[in-house]
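S.K.: Below is the structure I would like to discuss, written out as structure tokens.
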Ligand SMILES: Nc1nc2c(ncn2[C@@H]2O[C@H](COP(=O)(O)OP(=O)(O)O)[C@@H](O)[C@H]2O)c(=O)[nH]1
Ligand SMILES: [Mg+2]
């Protein structure tokens with residue numbers, strides 16, 4: 001086992017630095033007696049009932065260290081399911097550390113995630129919910145918060161438990177048919193069992209497919225700006241961030257190394273990357289920058305390929321403009337065009353007046369016109385990105401698998417279940433089908449934590465904050 005569960009543990013739960021308040025958490029069978037021993041109102045604290053707050057002073061022999069409120073929790077009605085005390089003191093890091101040092105004379109410092117680990121071991125939370133605690137703390141945007149909160153409420157755990165129950169029921173029916181095949185039991189309704197297994201299979205498939213997008217919600221979408229030098233990549237980058245982050249100059253080849261920044265687009269976490277312009281060059285530094293750009297484009301979730309009136313014809317001739325689900329082509333600097341001389345001048349005029357955004361007339365690929373000098377083009381580009389990454393709101397409020405570990409477990413379960421279904425259609429022996437169903441259940445049990453290894457728990461809880 002990774003942590004000793006019988007020790008009493010303590011940790012500062014609030015961030016380091018000066019703040020209005022700071023909170024120290026103590027959990028374990030001796031939590032209340034240890035805090036009482038350094039508290040001015042010893043009896044009041046020792047006799048406090050659960051959820052009672054006791055006002056007093058933390059004292060070191062005769063010296064008063066801080067005036068605090070101690071909130072008492074009695075097991076099992078606490079986060080960890082153990083006796084707990086939360087000491088709220090003044091947010092002075094020095095005072096807070098002195099209180100912690102006093103406590104640590106009688107108990108041990110908590111490891112990262114150890115409070116939540118205890119909650120898991122004491123069945124307050126299952127593993128998927130414990131992971132949601134960490135996701136909720138680290139969620140960067142509103143959409144990621146909703147999804148983590150749903151998981152914490154147990155939505156994912158319930159769905160997985162229901163599927164586990166269905167699969168286990170079916171497995172038992174197959175096993176009974178093997179074990180008592182010589183007895184007068186009613187025959188296994190193979191059609192009905194198969195139908196149920198197919199339903200579970202479809203549910204898992206749906207969870208997996210939605211989950212691939214859900215994972216992006218948790219980890220973010222990477223959007224890479226690319227195109228020839230000087231088309232305005234850094235200008236677009238700065239407009240998105242609403243600050244002059246990247247250097248913009250009229251001179252081609254300004255951006256050599258890439259820059260990346262996080263932003264929230266309609267509640268979705270987006271990592272926007274500004275890259276070196278793509279061109280043939282003899283300059284060593286620029287060459288390396290261009291190589292990096294190519295790697296970034298291939299690993300990004302989306303690319304915004306920019307061109308401008310000067311490079312458009314070359315880009316069209318070279319077939320560099322592609323329009324697929326991963327790429328958005330943009331013609332920047334449309335303010336430089338002489339609209340009256342263009343074939344579909346009316347469309348361009350409508351665009352410039354901010355009423356239209358769409359195709360560049362007569363081009364083979366869909367190219368979005370834009371100018372970093374006008375808000376319309378940038379806003380419309382943002383909408384295009386959002387449209388491609390956004391999930392329907394119903395999907396957000398339902399179950400969304402956002403965690404790589406969970407997705408891998410679901411994928412394994414789908415594989416085992418599809419083997420079971422194949423075995424049924426091949427008229428294979430029931431023992432083979434039962435075996436595949438056991439495998440599927442065991443993969444799914446890893447999500448809720450009914451099946452775990454020390455190594456797996458280590459990996460999960462070590463990424464938590466201290467004090468959580
Ligand atoms: N006319 C016009 N100039 C632009 C526009 N966007 C960027 N520029 C200018 O084009 C030049 C190159 O821009 P920059 O963002 O550094 O391009 P990058 O090399 O692709 O990063 C700068 O002088 C910008 O001010 C635009 O929409 N219209
Ligand atoms: Mg640049």
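The values are calculated or read from the model by the stated rules, or taken from the named source; none is laboratory data. From a predicted model like this one, the values you see are computed outputs, not experimental measurements. For neighbour counting, all protein chains shown are included, and Cβ atoms are generated from backbone atoms with ideal geometry for every residue, glycine included.
S.K.: Among the residues that make up region 379-399, is at least one of them within 27 Å of residue 444 (Cβ to Cβ), away from ligand 2 (no atom under 16 Å from the Cβ), surrounded by 20 or more Cβ atoms within 10 Å (Cβ to Cβ) and at pLDDT 65 or above?
M.R.: Among the residues of region 379-399, at least one is within 27 Å of residue 444 (Cβ to Cβ), away from ligand 2 (no atom under 16 Å from the Cβ), surrounded by 20 or more Cβ atoms within 10 Å (Cβ to Cβ) and at pLDDT 65 or above, which makes the answer yes.
S.K.: Is it the case that some residue within region 220-227 is more than 9 Å from ligand 2 (Cβ to nearest atom) and over 25 Å from residue 389 (Cα atoms)? Quick ask: steps written out before the conclusion?
M.R.: First pass over region 220-227, keeping only residues more than 9 Å from ligand 2 (Cβ to nearest atom): 220-224, 226-227.
Those left that are additionally over 25 Å from residue 389 (Cα atoms): none.
Within region 220-227, not a single residue is more than 9 Å from ligand 2 (Cβ to nearest atom) and over 25 Å from residue 389 (Cα atoms).
S.K.: Against the condition buried (at least 20 other Cβ atoms within 10 Å of the Cβ), more than 14 Å from ligand 1 (Cβ to nearest atom) and at pLDDT 80 or above, how does residue 268 come out, does it pass?
M.R.: Working: buried (at least 20 other Cβ atoms within 10 Å of the Cβ): yes; more than 14 Å from ligand 1 (Cβ to nearest atom): yes; at pLDDT 80 or above: yes.
When the stated conditions are applied, residue 268 passes them.
S.K.: Go through (1) within 12 Å of ligand 1 (Cβ to nearest atom); (2) surrounded by 22 or more Cβ atoms within 10 Å (Cβ to Cβ) one by one and return the number of the condition residue 217 breaks.
M.R.: For residue 217, the exception is condition (1).
S.K.: Among 273, 297, which is in contact with a strand residue (DSSP E or B) (Cβ under 6 Å, 6 or more places away or on another chain), assigned to a helix (DSSP H, G or I), closer than 30 Å to residue 138 by Cβ and within 16 Å of ligand 2 (Cβ to nearest atom)? Before the answer, list the steps.
M.R.: Numbers: 273 fails: assigned to a helix (DSSP H, G or I).
When all the criteria are applied, what remains is 297.
S.K.: A further question on this structure: Taking the options 83, 63, 94, name whichever one is in contact with a helix residue (DSSP H, G or I) (Cβ under 6 Å, 6 or more places away or on another chain) and assigned by TED's automatic domain parsing to the domain that holds residue 24.
M.R.: Values: 63 fails: in contact with a helix residue (DSSP H, G or I) (Cβ under 6 Å, 6 or more places away or on another chain); 94 fails: in contact with a helix residue (DSSP H, G or I) (Cβ under 6 Å, 6 or more places away or on another chain).
Result: 83 is the single residue among 83, 63, 94 that is in contact with a helix residue (DSSP H, G or I) (Cβ under 6 Å, 6 or more places away or on another chain) and assigned by TED's automatic domain parsing to the domain that holds residue 24.
S.K.: Is one or more of the residues making up region 39-57 within 30 Å of the chain's Cα centre (by Cα), at pLDDT 95 or above and not in a loop (DSSP other than H, G, I, E, B)? If you could, list the steps in order and put the result at the bottom.
M.R.: So in region 39-57, the residues within 30 Å of the chain's Cα centre (by Cα) come out as none.
No, because not a single residue in region 39-57 is within 30 Å of the chain's Cα centre (by Cα), at pLDDT 95 or above and not in a loop (DSSP other than H, G, I, E, B).
S.K.: Okay, moving on. What's the number of the only condition in (1) within 29 Å of the chain's Cα centre (by Cα); (2) crowded, with 16+ Cβ neighbours inside 10 Å; (3) away from ligand 2 (no atom under 14 Å from the Cβ) that residue 321 fails to meet?
M.R.: Of everything listed in (1) within 29 Å of the chain's Cα centre (by Cα); (2) crowded, with 16+ Cβ neighbours inside 10 Å; (3) away from ligand 2 (no atom under 14 Å from the Cβ), residue 321 misses just condition (1).
Matching residues to (1) in contact (Cβ under 8 Å) with a residue 24 or more places away in the chain; (2) away from ligand 1 (no atom under 16 Å from the Cβ); (3) in contact with a strand residue (DSSP E or B) (Cβ under 6 Å, 6 or more places away or on another chain):
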| position | (1), (2), (3) |
| --- | --- |
| 194 | yes, yes, no |
| 197 | yes, yes, no |
| 201 | yes, yes, no |
| 208 | yes, yes, no |
| 213 | yes, yes, no |
| 228 | yes, no, no |
| 233 | yes, no, yes |
| 239 | yes, no, no |
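S.K.: Any idea which of (1) touching a helix residue (DSSP H, G or I) at 6+ places or on another chain (Cβ under 7 Å); (2) in a strand (DSSP E or B); (3) touching a residue at least 60 places away in the same chain (Cβ under 8 Å); (4) within 15 Å of ligand 2 (Cβ to nearest atom) is the one residue 305 doesn't satisfy?
M.R.: (1)
S.K.: Please find, within region 241-258, the residue that is surrounded by the fewest Cβ atoms within 10 Å (Cβ to Cβ) out of those that are within 10 Å of ligand 1 (Cβ to nearest atom) and under 18 Å from residue 291 (Cα atoms). Quick ask: steps written out before the conclusion?
M.R.: In the first step, residues of region 241-258 are kept if they are within 10 Å of ligand 1 (Cβ to nearest atom); the result is 246-255.
Narrowing further to those that are under 18 Å from residue 291 (Cα atoms): 252-255.
On the way: 252: 14, 253: 17, 254: 16, 255: 24.
It comes out as 252.
Listed here are the residues, each with its yes/no results for (1) under 30 Å from residue 317 (Cβ atoms); (2) in the same structural domain as residue 270 (by TED's automatic domain parsing); (3) in a helix (DSSP H, G or I).
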position: 160; (1), (2), (3): no, no, yes
position: 165; (1), (2), (3): no, no, yes
position: 174; (1), (2), (3): no, no, yes
position: 192; (1), (2), (3): no, no, yes
position: 211; (1), (2), (3): no, no, yes
position: 230; (1), (2), (3): yes, yes, no
position: 235; (1), (2), (3): yes, yes, yes
position: 240; (1), (2), (3): yes, yes, yes
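The rows are residues; the columns are (1) assigned to a helix (DSSP H, G or I); (2) outside the structural domain of residue 151 (by TED's automatic domain parsing); (3) over 18 Å from the mean Cα position of the chain (by Cα).
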| residue | (1), (2), (3) |
| --- | --- |
| 381 | yes, yes, yes |
| 412 | yes, no, yes |
| 422 | yes, no, yes |
| 435 | yes, no, yes |
| 443 | yes, no, yes |
| 457 | yes, yes, yes |
| 466 | no, yes, yes |
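S.K.: Cβ-Cβ below 6 Å, separation at least six or inter-chain, first residue in region 288-300 and at positive phi, second modelled with pLDDT under 85: which pairs?
M.R.: none
S.K.: Here are 248, 285: which of them is part of a loop (DSSP other than H, G, I, E, B), over 19 Å from the mean Cα position of the chain (by Cα), touching a residue at least 12 places away in the same chain (Cβ under 8 Å) and within 16 Å of ligand 2 (Cβ to nearest atom)? Steps first, please.
M.R.: Details: 285 fails: part of a loop (DSSP other than H, G, I, E, B).
It is 248.
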